[in-house]
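Written below as structure tokens is the structure these notes are about.
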């Protein structure tokens with residue numbers, strides 16, 4: 001692989017990875033904060049006020065630092081991927097412009113009202129404001145995924161003068177690939193947010209600190225986790241079936257299937273090229289499940305990798321094992337949330353120290369799972385930057401290795417500082433707990449030390 005191409009891909013991958021450490025928590029946590037704000041506005045119960053303040057502080061830290069990482073990411077389309085921008089800018093720019101003008105301003109405006117309007121607006125207005133922030137984060141995700149959806153499944157375009165131009169905006173925004181990816185991604189973000197709330201709550205419950213506060217917080221996180229972890233396998237399955245239908249090479253890599261076949265088994269470990277013996281792996285397969293995963297039929301036909309030119313096959317091992325690790329983590333989330341629901345129903349949650357420790361130590365696993373999912377989606381699309389239209393090698397800017405090295409090292413240093421700041425502040429205030437946050441006397445909110 002060309003050095004400029006390799007470093008440009010590495011730089012963009014690192015940028016997206018850093019940015020996506022902030023985004024899932026923002027999308028998942030804001031919903032829970034909005035529910036807490038709504039309950040306070042509805043009931044006037046000060047417990048909800050304290051909950052919204054505590055979790056809202058952690059959300060705010062993550063939100064602000066996440067915005068910074070997102071801004072720098074978009075500049076790379078002009079610096080490292082100018083040929084890509086020239087080729088598809090007419091289409092790719094539209095959803096990104098709408099995302100900036102609609103979602104970002106919606107988020108920032110109402111975030112300001114929510115953060116600084118404590119003594120100026122009613123509880124109902126603050127609840128409305130945080131719901132608008134939540135709406136903005138989801139709209140932002142929708143338009144960004146719409147842009148990515150075109151890269152995965154080009155629709156609504158025409159080729160003119162060596163460029164891709166927008167022909168149908170409605171086709172772009174109704175792209176089935178984008179909508180499958182949107183629901184799967186957003187619900188996965190809810191797992192990140194809910195496990196974060198559960199983990200922080202578990203930390204304090206293990207120390208018997210503010211038990212009522214964190215037991216109730218754990219309950220809200222658990223309810224969202226139950227919904228998200230149960231829905232994700234179904235949404236992920238449908239997303240995978242559709243992805244395979246439009247990107248059969250990705251589907252073949254996900255199962256490491258080399259020869260086109262029906263009744264494909266699901267393999268636990270990677271199957272080598274069929275020139276080698278497959279018999280050694282028969283004990284590590286589930287009959288017909290592979291066909292079901294990719295076609296919704298147990299006898300469905302899955303196209304093999306040998307039906308594609310070698311230079312149009314993705315990295316099979318990376319896609320194959322990322323997909324399996326994502327599935328394994330999804331099953332783990334399903335098990336741990338349903339077991340948590342059982343313990344909560346039996347009123348044994350606070351006394352179940354082993355379970356609380358499992359939850360606490362699992363806080364980073366949803367981040368891993370969601371990034372593994374993106375690994376499957378993005379690496380599985382290679383070598384295409386726009387599937388079937390433009391290869392990644394043709395999208396890179398005509399720049400020198402020295403320029404990329406400088407920007408790459410600078411970016412890693414800058415993002416690492418932001419990540420350290422984010423982790424430090426979140427851990428600091430998460431450990432501190434709700435002390436020092438708002439209470440009320442005579443209906444007037446104040447702060448106590």
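None of the figures in this text is laboratory data; all of them are computed from the coordinates on show. A quick note: this is a predicted structure, and the numbers were derived from the prediction, not measured. All Cβ positions, glycine included, derive from the backbone under ideal geometry; neighbour counts span all protein chains shown.
Note on residue 354 and residue 246: the extension gain reaches 34.4 nm, defined as 0.36 nm multiplied by sequence separation minus the Cα-Cα distance. Sorting 49, 324 by the number of Cβ atoms found within 10 Å of their own Cβ, with the fewest placed first, yields 324, 49.
Springs join every pair of Cα atoms under 10 Å in this Gaussian network model of the chain, and among 136, 93, 221 the largest mean-square fluctuation is at 93. With contacts taken as Cα pairs under 8 Å at a separation of at least 6 residues, the stretch 155-258 carries a relative contact order of 24 percent.
Given the Cα-Cα distance of residue 10 and residue 119 and 0.36 nm per residue of separation, how much length would full extension add, in nm?
34.6 nm
Sorting 329-337, 2-10 by their mean Cβ neighbour count within 10 Å, with the most densely packed peptide first, gives 329-337, 2-10. Comparing mean-square fluctuations of 72, 26, 295 from a GNM of the chain with C-alpha springs under 10 Å, the top value falls on 72. Computed from the C-beta positions of residue 86 and residue 171, the FRET efficiency with R₀ = 22 Å rounds to 0.50.
At a Förster radius of 45 Å, what calculated FRET efficiency corresponds to the Cβ-Cβ distance of residue 416 and residue 102, to the nearest 0.05? Write down the numbers at each step before the final one.
Working: r = 31 Å, r/R0 = 0.70.
Computed FRET efficiency for residue 416 and residue 102 comes out at 0.90.
Set against the 2.2 N^0.38 Å expectation for a compact globular protein, the stretch 294-449 has a Cα radius of gyration ratio of 1.61. For the stretch 220-374, the convex hull spanned by the alpha carbon atoms encloses 129 Å³ per residue.
If R0 is 51 Å, the Cβ-Cβ spacing of residue 427 and residue 284 corresponds to a FRET efficiency of close to 0.80.
Listing 351, 312, 83, 378 from fewest to most neighbouring C-beta atoms within 10 Å gives 351, 312, 83, 378. Put in order of Cβ neighbour count within 10 Å, fewest first, the listed residues 338, 131 become 338, 131. Here the spin labels are modelled as points 7 Å beyond Cα on the Cα-Cβ line, and at residue 364 and residue 47 they lie 3.4 nm apart. Largest GNM mean-square fluctuation across 229, 256, 410, computed for the chain with C-alpha springs under 10 Å, falls on 410. Take the Cα of residue 262, step 7 Å toward its Cβ, do the same at residue 71, and the gap between the two points is 5.8 nm. The listed peptides 190-203, 233-246, ordered by packing as a protection proxy, come out as 190-203, 233-246 (highest mean of other Cβ atoms within 10 Å first).
Subtracting the Cα-Cα distance of residue 135 and residue 161 from 0.36 nm times their residue separation leaves 5.5 nm of extension gain.
Semi-axes of the equivalent ellipsoid of the chain: what are they in whole Å, largest first, if each equals the square root of 5 times a C-alpha gyration tensor eigenvalue?
So the three semi-axes of the chain are 40, 28, 19 Å.
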